[in-house]
Each structure stands twice: as C-alpha cells, then as structure tokens.
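The block underneath contains the structure these notes are about, expressed in structure tokens.
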Amino acid sequence: MDITRRGFLHLSGAVGSGIALSTLGINLKPTRAYADELNKMNRVKAAKQVTTICCYCSVGCGLVCSVDKMTGKIFNIEGDADHPINEGSLCAKGAGFFDLTEANKHRLTKVLYRAPMSDKWEEKDWDWTLKRIARLVKDTRDAGFVKTNAKGEVVNRCETIGHLGSSNVDNEECWLMSVKCRALGLVYIDHQARV
Amino acid sequence: MTNHYCDIKNSDCILIMGSNAAEHHPIAFKWILRARELNGAKIIHVDPRYTRTSARCDYHVPLRSGTDIAFLGGMIHYIIENNKYFKDYVVNYTNAPFIVGPDFNFQDGLFSGYDPEKRKYNKDTWVLEKDDAGIPKRDMTLSDPRCVFQMLKAHYSRYTLDKVSSITGVSKENLLKVYSEYSATGVPDKAGTECYALGWTHHTVGSQNIRTMAIIQLLLGNMGIAGGGINALRGEPNVQGSTDHCILYGNLPGYLKMHVASLDTLEKYLHKYTPESKDPQSANYYSNYPKFHVSFLKSMFDDKATAENEFGYPWLPKLDDGVAYSLMHLFDKMYEGKVKGLFSVANDPAVSSPNAGKVRKALEKLDWLVGENIFNNETYEFWRGPGVDPKKIKTEVFLLPASATMEKEGSQSNSGRWVQWKYKAAEAPGDAIPVGEMTLKIMDAVKELYAKEGGVHPEPILNLKWDYTDSKGRFDALKVSKQINGYFLQDTVIEDKAKGTTTTFKKGQLVPTFGNLQADGSTSSGNWIMAGSFTADGENKMMKRGKEDPTGLGLFPNWSFAWPVNRRVIYNRASCDIYGKPYNPKRKLLEWVGDKWVGDVPDGPWPPMADKEKGKYPFIMKTDGVGALFGPGMVEGPFPEHYEPLEGPLTKNPMSSQLINPAIEIFKGELDKVANASEKYPYVCTTYSCTEHWCSGALTRWQAWLLEAMPELYIEIGDLLAKEKGIQNGQRVKVSSIRGSVECVAMVTKRFTPFQVEGKTVHQVGLPFNYGWLFPKDGGDSTNLLTPTVGDANTFCPEYKAFMVNVERA
Ligand code: SF4
Ligand code: SF4
C-alpha cells in the first residue's frame, strides 16, 4: 500500500492518531517524522478534504480544499498530490486559489440592480429579480420574434436577445445554457471558445 | 487536443508555436520538460517574442506575427523535397494518393470558384474523383500529377527558403534548423508534437495555421501516436466542455450542425448531414448522425418529442444559410440598436472583445443586461465607464452573484478531453448560487409566464424538459450530467453481431456508449460524445481516481472519463501499420492481437485495414477514412496559403496578388477602421497574457497576491525601437491604433528584436490583455481598445495577434 501525502491525511484524519495506523500493517518509520509535523497541524488533520479542479487554464490541475468541520469554511487550498497531471504542483494562479473563496471581500454576495439612468447599484432579492428578468425576456422575445426570413423560409428565432458565456462554469451548467438558448430561439449565442 | 497533457512526455520533438506554454500553461510545460528528461526530446519555440518558454527551449526562433503559414508551408516544401515524409503512413492513412478533380486549380492566390463580391468560394470544383462504384480513385505510387500528393508538392514548391525568410523575418539558417529537427520525426520510432494556443487561433488565417500543421503531422506520421498529435493548450478551465456543449451559434451539443432555414424538415436536415461512403473499408462513423441528433432532441423535449412532430425539430430556431452570428456579429447588430437584451455569463466582453471601444458603445444601446459572475467587471458596469454619463444610459442591469467553482459540484473538461468531477467544499457566501441554478430559475420563471399568458411560438419553452433540481429545489448537477449522458427510454435489446451477443437494457437505464443510441426516439442523449460517462447502472466515471497506467504511457485510463468512450489518444489506430503492428514498439499505444485491439480504447473495434473484408481505415470520423492533406472543408481553400493580416506592414503579399485572406468577412461599421501599412501606425503589435492573470483579468485582478505580482498594463518594446523613439524603461507611453489608445508603462527589452521583411526593418511590440478600467483603478484599460473587428474566415476567432500601432511618450 502506498501512502501518498493526501492518502495519509485522509487516514490520519479518520483514525485520529498514528498509533492506529500500525494496526494496518504499515511500516510507519518513514512517516513518523511527518506525523510529528502533522501534530502541529491539527486543523488540517481534522479537516474534511474535498477535491476540485482549477478554474483558470485548461490543464485541469487538481486541488484539495481543507474544510473546517465545525464551521464548514474552507481554510486552505493546495495542489492535489495524487493528481496525475499536476502531481501536487500548481502555477501562481492555482496556488492563489484561496483568494477565490468568500475570504475575498470583493466577492459578490447580493443581487445588484442598476435602474435606467441611475448612477448606482441597489441590492435586490432573488424573487423580485427572477420575475423582472423573466418579464423582460418574454416581452423582448415576443416583440422581436422572427417567424420567417427575407426569403419567406420559416426560421422561428429571436434576434433581439444575445447570450455570451461561459467556459468558466461546469459542463452541466454549459449544457443547460446551450439548451435554454435554443428553447428561447436565440441565435446570437457565443462564448470565450471563440475569443 | 488529439492527445493529452501527460502524453507530451512521450515526445521526441516538441514544436511550441503560437504558445508561451511556460508562462500560460506552466503545468503543461512540466510535461514538455519531462519529455526532455525522459527521451532527450528537442524543444523548439517559434514565437515573435523571447519568453520564459524560449528560455527553457533548445532554441527560440522569432517570426513576425501573422506569418505562420509561410513558415510551415516552407516546412512542407522541405519535407517533400528531402524525402522526410513517412511513406507507409502517407500512402495508407492520408488522401495523398487520391485524385483531385480536373476543374480544381489555384492561380495567384485564389483557388477555383471564387466570388469576389461575396468574398466566398463556390466549392464545386474542390472534389476528389471517384470510380464507377463511387469509391475514391487512388494512385498508390503517388506519381499521378493530379494526385493530392503531387498537387500538395506543387503548391508548396512556391514556399522557398528565400521567400519564407523574406515574409517571416526568420533567417534561412533558423528555418533550416527547425525544418530538419522537426522533420526528423517522420520515421516509425520517433514522435513529434505541436503545442499551440491563442497564438495560432487569433488570426484571420487561424484555422489554416492549425491545418498547415495537421498536414505536416500527417506527412510525418505523427497523428494518432503517443507523443504526437496536435495539441491545443486551451485557455479556459472548461473551454473544452463549453465547446463540446456548443454554447455557440453554429452547433448543437456534440458538434451537431445548427438547423438552417433551407432545411425545413428533419428528413432534409438529416439527409444533408449524414455522410455517405461507398467504400466498404471506410467506417464513416458519422453515418450514425441521425442517432445522435434525434437523441439530442429527445433530451430537450422528452416525451413531447415524437416521430410525428419530427421530435420537435420545427420548434427550434433556424439560422439563415451562410450567415454568421458570432460575438462580433452580435456587437455589430447591438451597435446598430437591433439587440435589446444580453446575458453575459462569467465573462467580461467589454475588456475581452476586439475593438472594445465599439463594444462599449454597443452596450449603451441595450434595454437590459443580465450579468452572472463571482466578481463585478467592466461589462456589468459599462454605464459608468470612462467617458460615460450614467444619466444618459437607459439600460436596466442585473448583476447576479454566483458560486465560485469550489462551492458547487459538477464536471469540468480539460484540453486533453478528461472530464473530471469536482465536489462542493463549502457554501457560497450570501445570496450567491451556481450559474446552473440561475439558469434553471430564470427559465422556470419564463416558462411560468408563457404558461400563464401564452405568447409567441411558446412550444419549445413549454415543452422543454426542465426538472433538474433536487428535493430542496436546488440545481442538481448529477441529474443534468445523467441527462447529458443519455437514457434508454424503453426496454431495448442491443445486438452485437461481431461478438454474437445480445444485451437487454431496461427503460430508465443510462446509455453506456454512444454506439447504443437510436434514431427512432427510443434513447435520449444531451450530448452524444458524453454517452458512456456513466455505466448503465449509474456509476459516474468522471469521479474515477484510479492511478493505474498499464501501458506506461501515462494514459491513466481509470482517472476520470475521456471522451470519446474513454479513448485517450484519438485516431490511435494510425499508430499501427496496416496489419495492426505498432509502428513504434517502444511506445505501444495499441496492437492488434489475435482478434482484438489491446492498449488504449481503439478508434472502433474493427480489424486493421489489411483485412480487406472486415478491416477499416483508421480515421473513422472522416467520410473517406483517411487523414485529409487535401481539405475541402475549409472556406478559403483545400491547401493553406499565406495571406497577410488585415492590418500589417506590407502593401503587397509576396506570395500573390491577394493581400489578405480572400474569404474573411469585412465589417464596415463606422467604428471598424483599418490602417494597413500606414505611416501613422508603423509597428506590428500582438497581445498575450501572463502567469499571474487569466484572460481579461476579471477574476485575477480582484486577488491581492496576483495583482501585486502583476499590477498594471505595460508594453514590451525592443531596445532598438525604444532608442529610436527616445523611450526609457519605466516611462509612461501612449499606444494607439486607428481605433483607440491605451496608456501604460514601457518595458524596454531585448525580448523583441526587429525583423527584416521584404527588405525593410519591421518592429514588433506587444501588450498583455489582462487589464480593465474598473479595478485596480490605476492599472490601465483594455488592450482591446486597439484591436480590429475581424476574424478567422472559418471560425470568426478575432485577429488579436497581428495589427498595427504607434507608440509615443505619454
Ligand atoms: S494551476 Fe495553473 S497550470 Fe494548473 S490548471 Fe490552474 S492555471 Fe492551469
Ligand atoms: S518562494 Fe516559491 S519556490 Fe521558493 S520555497 Fe517558497 S514556494 Fe518554494
């Protein structure tokens, strides 16, 4: 049995102390020094380890988020040593991943709305926002819908609404957007893959 | 990528052209360096600028932006003249022996069939001859003057060393060095690979840049092998996935063609896009097109889609034939006031779009804008951008707070087609929710309005299957990913004639491979290339974390899922000879043993092509079954040809009378100005990124660690030019094109050296594209205020990598 760093964190987190590990028949000598080091890292040891994938370039490096079990908050993110591509290493952007969490005070946390001619944002709730967006989508679509083109061919499309994005969200989200656009009849559909 | 990241270690020679891998894909570069450690691989960097990539390569060869086809055309010439091509591969696995139709010709930069008014070709003469049985004619000796090989040879005989050197600004010695080094991989036991990025796509000839390299890789037998292929180091985390799901005007998920006006029935549509081959040895896999397409319609409309209503085909929008609806077209129409509403999801087009000044003006004409993101950006706040008076802007703007990537579950596809599952580590802050949840909720609200009030053409909205939430009403990524994979919609018996087996699947089971999809509505699949990401019983292969590597080639077949059907290197049957024996026994990707393939998941189960009865050619997705040296699918010609960028330093193309790509669309709006070979804008300019920022910087500029490392916009300017202009390192300068200007810091450097082009000295400069006015406040504005509205003729990828500017002290 190979013990990788991540595997070790898992194990030690699960059983609580290094003593129990010996019952697994593992030679602990090489890891004992490491375990001592870990004793200083109680937070990491006790943390839930959750894997994710980097959200910048397309190499797809793996990362491990350490989540405090009491608060549910991420307190550390680092390269996934078990990942076959990055083998634990990350570039500057991946290494800075923690700054994407809520610890970054620039994160958007409320729906913001800017009224026509206004010079500022105001906060709104989801309920009002979804209703207002749906209203605008429907009115714009119904008013501008094109049933036939100049040649008289049936086209059933909406040219007055555009949709841009995104290659920075998950596959399931991409598929939903792709399908949503088609159901609405949009044709101006594009995203970062082209630019 | 035809291959994948770990596979680069198997290469003997890596040509990095159109990429600065060390800085923009640092972890990919690790695999490039590993090839050197393991195999003593040569690493070559061809790029206008000396970068950290150049520093770690065996040699760096600077070339003028926008002249890659000339450079590579010269390599094709060299390979053929010096007999460096891999004959067995070329004869058997490419269309080199095929005979080109008698009316096809090429004269002075134009192929037959050009219509200068429409700037388009009629491709009727771009054909390969067939015999009476409808099978392509071949001359296996490659000597017929009309065979593809001889036509290719004649076409590139014009790309002499002198000519290429004069166009590209690369010395003849450097040309020869690269040509001989790279073409040494045209033998059975050597692999050469090419790594490119936006440096190749961001040109008016972007697709043909890549195709020229594909021709070289076919000539050298480098496609379908370990350590070979053409490998796009793509820039966005899920750009492979977003492209696969085709959030793009011209395609439906899985690269199915978008419906067009002239094809008014499903039958006509399927007929047009289902290719036919009379050659019994061609697998012609796209003959299954109707199965993929009907299964997609079923995924959208479920039991509302029936054979009687053409599975909902009439409900979906149709494009006008031959008309493009890309980002540039969208902003063009928006500028004319014809677009009223815009969704801008996890992007920042006011910074990232070409001719950003026009884009920002266009946004002012919107009635409403919906932004979805984790941070604010220049697009969402265009109404108070530089020089904009909010009181005059009518647009209603919504900025919806999104969950960050580690705050949601779902899958992401890397450039090597590995679809990896991500888990949710924490709740998103405040009211933030995943983009998927916003999409569901917005569409739910729209559906509700149509159900209540009726409206125009409501069928596709009301009939859309849209039940992708969990018991708490939240976005359920797993449900969506199963829908993408696809289901059996009724009990189905699948017969495998070759194996003599039958398998029964129950209604509601997942489709374990796209080979099981049906065209009669009995299966669904939201994206056929993802069919097989689950087993029939629901095991999610994207979650797999097995590290086994049975071939030793780093395929990692049990790590995540790779489309198609977990194949790690596509076209892999071409790694073996016609009897199924690996060309390179040291890197055995696949081998025909007894009656089956062993190794990677093969490109189809059929025997190798020497078996005249059951054997198939290796390039199963091509109608003819072979790699296309002659490629009539491209809009500007079957053989790539050098044309100058829309804006460049020359008034005449040294290769022909066609200065620019004859098939590009010219935008003619009032803000679409162009200044070719102008004294006012004498310097070639290119744009790029840096390690610390990502794309428009819309995520990274908000992060203190990254911003501190790369705080503001700068221009790299060669020391000779700087001296000429009296510009010192660190001084502020104004960079302008005919479309706009930016102010930034001058970085005087030796990394840019002037080129000798057609007897004159041409200077090139470059700027990163990572900055915008909103944040940081004094970081400089978007480099795209300078770039032109023009794109590649096939794809409409903007020409960000070659245009003309002036630089003055600010
Ligand atoms: S850590 Fe760097 S190299 Fe790896 S995926 Fe992220 S951006 Fe790309
Ligand atoms: S500065 Fe960077 S390279 Fe040096 S020890 Fe720290 S993390 Fe490692």
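The values are calculated or read from the model by the stated rules, or taken from the named source; none is laboratory data. Computed from a predicted model, the values in this text were never measured in an experiment. We place every Cβ from the backbone using ideal geometry, glycine too, and count neighbours over all the protein chains shown. For accessibility, only protein heavy atoms count, side chains too; no ligands or nucleic acids. Shrake-Rupley method; radii C 1.70, N 1.55, O 1.52, S 1.80 Å.
List of remarks:
- When restricted to residues that are open to solvent by 10 Å² or more (accessible area, probe 1.4 Å) and not in a strand (DSSP E or B), segment B:801-810 contains 2.
- The residues in segment B:401-427 that are in a strand (DSSP E or B) and either over 20 Å from residue A:67 (Cβ atoms) or touching an Asp or Glu at 6+ places or on another chain (Cβ under 7 Å) (or both) can be counted, and the count is 9.
- Odd one out for residue A:57 among (1) crowded, with 21+ Cβ neighbours inside 10 Å; (2) facing chain B (nearest Cβ under 7 Å); (3) farther than 30 Å from residue B:389 by Cβ; (4) away from ligand 1 (no atom under 13 Å from the Cβ): (4)
- Test: residue in segment A:171-179 that is assigned to a loop (DSSP other than H, G, I, E, B) and free of Cβ contacts under 8 Å to residues at least 40 places away in the same chain: no
- Those strands (runs of 3 or more DSSP E) of segment A:63-148 in which 1 or more residues are at the interface with another protein chain (Cβ under 7 Å from one of its Cβ atoms) and either modelled with pLDDT of 95 or more or over 15 Å from residue B:368 (Cβ atoms) (or both) occupy A:74-79, A:111-114, A:145-148.
- Evaluation of residue A:77 against (1) more than 13 Å from residue B:705 (Cβ to Cβ); (2) in contact (Cβ under 8 Å) with a residue 24 or more places away in the chain; (3) within 16 Å of ligand 1 (Cβ to nearest atom) (one fails), failing number: (1)
- For residue B:72, the test of being without any contact (Cβ under 8 Å) to a residue 60 or more places away in the chain, more than 16 Å from ligand 1 (Cβ to nearest atom) and over 22 Å from residue B:694 (Cβ atoms) is failed.
- Restricting B:646, B:629, B:659 to those that are under 29 Å from the mean Cα position of the chain (by Cα) and open to solvent by 40 Å² or more (accessible area, probe 1.4 Å) reduces the list to B:659.
- For segment B:560-572, the set of residues classified as open to solvent by 10 Å² or more (accessible area, probe 1.4 Å) and out of contact with any helix residue (DSSP H, G or I) (no Cβ under 8 Å at 6 or more places or on another chain) consists of B:567, B:570, B:571, listed by residue number.
- Residue within segment B:387-405 that is among the hydroxyl-bearing types (Ser, Thr, Tyr), outside the structural domain of residue B:741 (by TED's automatic domain parsing) and closer than 30 Å to residue A:84 by Cα present: yes
- Residues that are open to solvent by 10 Å² or more (accessible area, probe 1.4 Å) and either more than 7 Å from every other protein chain (Cβ to nearest Cβ) or closer than 12 Å to residue B:345 by Cα (or both) within segment A:165-195 comprise A:168, A:192, listed in sequence order.
- Pick from segment B:1-41, criterion away from ligand 1 (no atom under 16 Å from the Cβ) and assigned to a loop (DSSP other than H, G, I, E, B), ranking: nearest to the other protein chains (Cβ to nearest Cβ): B:3
- Unmet requirement for residue B:489, which otherwise passes all of (1) without any contact (Cβ under 8 Å) to a residue 60 or more places away in the chain; (2) hydrophobic (A, V, I, L, M, F, W, C); (3) closer than 17 Å to residue B:302 by Cα: (1)
- Applying the set (1) without any contact (Cβ under 8 Å) to a residue 60 or more places away in the chain; (2) more than 27 Å from residue B:685 (Cβ to Cβ) to residue B:42 leaves exactly one unmet item: (1).
- So residue B:396, is it charged (D, E, K, R) and more than 7 Å from chain A (Cβ to nearest Cβ): no
- Candidates B:746, B:722 - the one that is assigned to a helix (DSSP H, G or I) and away from ligand 1 (no atom under 16 Å from the Cβ): B:722
- Total residues in segment B:708-718 satisfying the condition of being touching a residue at least 12 places away in the same chain (Cβ under 8 Å) and open to solvent by 50 Å² or more (accessible area, probe 1.4 Å): the figure is 3.
- Residues of segment B:445-463 that turn out to be facing chain A (nearest Cβ under 8 Å), open to solvent by 10 Å² or more (accessible area, probe 1.4 Å) and over 16 Å from residue A:125 (Cα atoms), as a count: 6
Residue-by-condition table, conditions (1) within 30 Å of residue B:696 (Cβ to Cβ); (2) hydroxyl-bearing (Ser, Thr, Tyr); (3) open to solvent by 20 Å² or more (accessible area, probe 1.4 Å):
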| residue | (1), (2), (3) |
| --- | --- |
| B:164 | no, no, no |
| B:181 | no, no, yes |
| B:190 | no, no, yes |
| B:194 | yes, no, no |
| B:197 | yes, no, no |
| B:206 | yes, no, no |
| B:223 | no, no, no |
| B:231 | yes, no, no |
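- Residues that are assigned to a strand (DSSP E or B) and open to solvent by 50 Å² or more (accessible area, probe 1.4 Å), drawn from segment B:497-511: B:501, B:502, B:503, B:504
- Within segment B:103-145, considering residues that are part of a loop (DSSP other than H, G, I, E, B) and polar (S, T, N, Q), the one surrounded by the most Cβ atoms within 10 Å (Cβ to Cβ): B:112
- Only one of B:175, B:218 that is in contact (Cβ under 8 Å) with a residue 12 or more places away in the chain, more than 14 Å from chain A (Cβ to nearest Cβ), in a helix (DSSP H, G or I) and over 24 Å from the mean Cα position of the chain (by Cα): B:175
- Within segment B:178-201, the residues that satisfy the criterion of being assigned to a helix (DSSP H, G or I) and either within 19 Å of residue B:589 (Cβ to Cβ) or hydroxyl-bearing (Ser, Thr, Tyr) (or both) are B:179, B:180, B:182, B:183, B:201.
- Residues (at positive phi and either within 13 Å of ligand 1 (Cβ to nearest atom) or buried (at least 20 other Cβ atoms within 10 Å of the Cβ) (or both)) located in segment A:84-127: A:87, A:88
- Top-ranked residue in segment B:515-537 [being within 18 Å of residue B:567 (Cα to Cα) and within 14 Å of chain A (Cβ to nearest Cβ); ranked as surrounded by the fewest Cβ atoms within 10 Å (Cβ to Cβ)]: B:529
- Residue in segment B:538-551 that is surrounded by 23 or more Cβ atoms within 10 Å (Cβ to Cβ) and over 20 Å from residue B:409 (Cα atoms) present: no
- Residue count, segment B:342-378 (criterion: small (Gly, Ala, Ser) and closer than 20 Å to residue A:173 by Cβ): 4
- Residues satisfying the stated conditions in segment B:298-311, i.e. within 13 Å of another protein chain (Cβ to nearest Cβ), touching a residue at least 60 places away in the same chain (Cβ under 8 Å) and outside any loop (DSSP other than H, G, I, E, B): B:298, B:299, B:300, B:301, B:302, B:304
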